[in-house]
Amino acid sequence: MTPFRYDRADSVASACASAREPTAKFIAGGTNLLDLMKLQIETPTLLVDIGRLSLAEIEETAEGGLRIGARVTNSAVAADMRVRRRYPVLSQAILAGASTQLRNKATTGGNLLQRTRCPYFYDTTKPCNKRIPGSGCPALGGLNRMNAVIGVSEDCIAAHGSDMAVAMAALDARVETIAANGATRTIPIDALYRPPGTTPHIETVLAPGELIQSVTLPPPPPGRQLYRKVRDRASFAFALVSVAVVVACEDDRVSAARVVFGGISYKPWRSPEAEAVLIGAAATRASFDAAGRAALAHARGYGHNDFKVPLARRALRAALADATGAV
């Protein structure tokens, strides 16, 4: 492991000030960062420990939603009765991810910022534009079974690995941050992630030293919420494809719909195309199939991951059928 300095922050201001240098990293649970440091993929010169900061509460908002502190563990979010009753898709998504031990340690802020599990990113003997900008993307013609099929570029087809973020995108979550100069901002979760383009190593819109303080959920949307994950084994596996849906029906027609996929893009991939097909349509499998075709119309496989395109369509159809009771 490369030598590094360690700073245990006692305030948000001191944490942001310490982390302003480009090679500094915040650490809370460390479930992803420490693994990457051991592999020499992440080589921070400074770790800023935010474990003492008062960011570990789940609070009601004046608007009727919830504010989840950045240090709240995944297990605590999934078990919170307000989340389970009002935002069940979030609880379902978290419980579908990782293992109990990891969920007990992993935090809300860290989960959003976890890095891809693309095998070439993890293999330091191979080129990777995320690790070494300009070195190339061997996944394009290599082993790309777990990689993305939509929204990516010829410089990177890595997929984002979070389950939690997919559900949060379906709930229109907002990420609240603070910068080293004390400035705060609220970022819609869909705008947090940068498309890979020609700079896939720049993954979010966060500036150096900018700290996620919390994630805010608006009041629960109408309708039924459901998370569906397709993976190689029943636990401790990343999604081949996942989908979070929020759907409401009136007189057997869809009156409101939100559709977000996981495992197929560089971020949780919301599909306004699928939503447009669904709203006003009869709650039937034919309509759900049409929504799937619209959602994946611009998707492209790269060989080993070609199967993800039809799989995502089928996963959406199954999730919508379960959510609406369609036969």
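The values are calculated or read from the model by the stated rules, or taken from the named source; none is laboratory data. The model shown is predicted, which means the values in this text are computed figures rather than measured ones. A quick note on method: Cβ atoms are made from the backbone with ideal geometry, for glycine too, and the neighbour counts reach across all protein chains shown. Heavy atoms of the whole protein, side chains included, go into the accessibility calculation; ligands, DNA and RNA do not. Shrake-Rupley method; radii C 1.70, N 1.55, O 1.52, S 1.80 Å.
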- Residue count for region 181-196, restricted to those that are touching a residue at least 40 places away in the same chain (Cβ under 8 Å) and among the aliphatic types (A, V, I, L, M): 2
- Item | Within region 115-136, tally of residues that are touching a residue at least 24 places away in the same chain (Cβ under 8 Å) and either closer than 21 Å to Leu240 by Cβ or surrounded by 22 or more Cβ atoms within 10 Å (Cβ to Cβ) (or both) | 9
- Query: Which condition breaks for Gln40 when tested against (1) buried (at least 22 other Cβ atoms within 10 Å of the Cβ); (2) on the phi > 0 side of the Ramachandran plot?
  - Reply: (1)
- Note on the structure: Going through region 196-244 in order, the residues found to be part of a loop (DSSP other than H, G, I, E, B) and among the hydrophobic types (A, V, I, L, M, F, W, C) are Ile202, Val205, Leu206, Ala207, Ala234, Phe236, Ala237, Phe238, Ala239, Leu240
- Which of the residues belonging to region 98-109 are surrounded by 19 or more Cβ atoms within 10 Å (Cβ to Cβ) and farther than 16 Å from Ala169 by Cα? Ala98, Arg103, Ala106, Thr107
- Item | Out of Val247, Val260, sole residue that is modelled with pLDDT of 95 or more and over 20 Å from Met146 (Cα atoms) | Val247
- Item | Residue satisfying condition, being open to solvent by 20 Å² or more (accessible area, probe 1.4 Å), under 18 Å from His160 (Cα atoms) and among the charged types (D, E, K, R), within set Arg293, Arg300 | Arg300
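What helices (runs of 4 or more DSSP H), lying completely within region 266-327, carry at least 2 residues that are within 22 Å of the chain's Cα centre (by Cα) and closer than 18 Å to Ser153 by Cα?
Answer list for region 266-327: 308-324.
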- Message: Tell me the residue from Leu34, Leu95 that is farther than 25 Å from Pro221 by Cα, open to solvent by 10 Å² or more (accessible area, probe 1.4 Å) and of a type outside the set (Val, Ile, Thr), please.
- Response: Leu34
- Message: Would you confirm, using the coordinates I've provided, whether Ser54 is over 19 Å from Thr204 (Cβ atoms), in contact with a Cys (Cβ under 7 Å, 6 or more places away or on another chain) and part of a loop (DSSP other than H, G, I, E, B)?
- Response: no
- Considering each of Ala180, Ala169, Ala139, Ala165 in turn, give the residue that is more than 13 Å from the chain's Cα centre (by Cα) and either part of a helix (DSSP H, G or I) or closer than 15 Å to Arg117 by Cα (or both). Ala139
- Residues satisfying the stated conditions in region 183-195, i.e. assigned to a helix (DSSP H, G or I) and surrounded by 14 or more Cβ atoms within 10 Å (Cβ to Cβ): Ile189, Asp190, Leu192
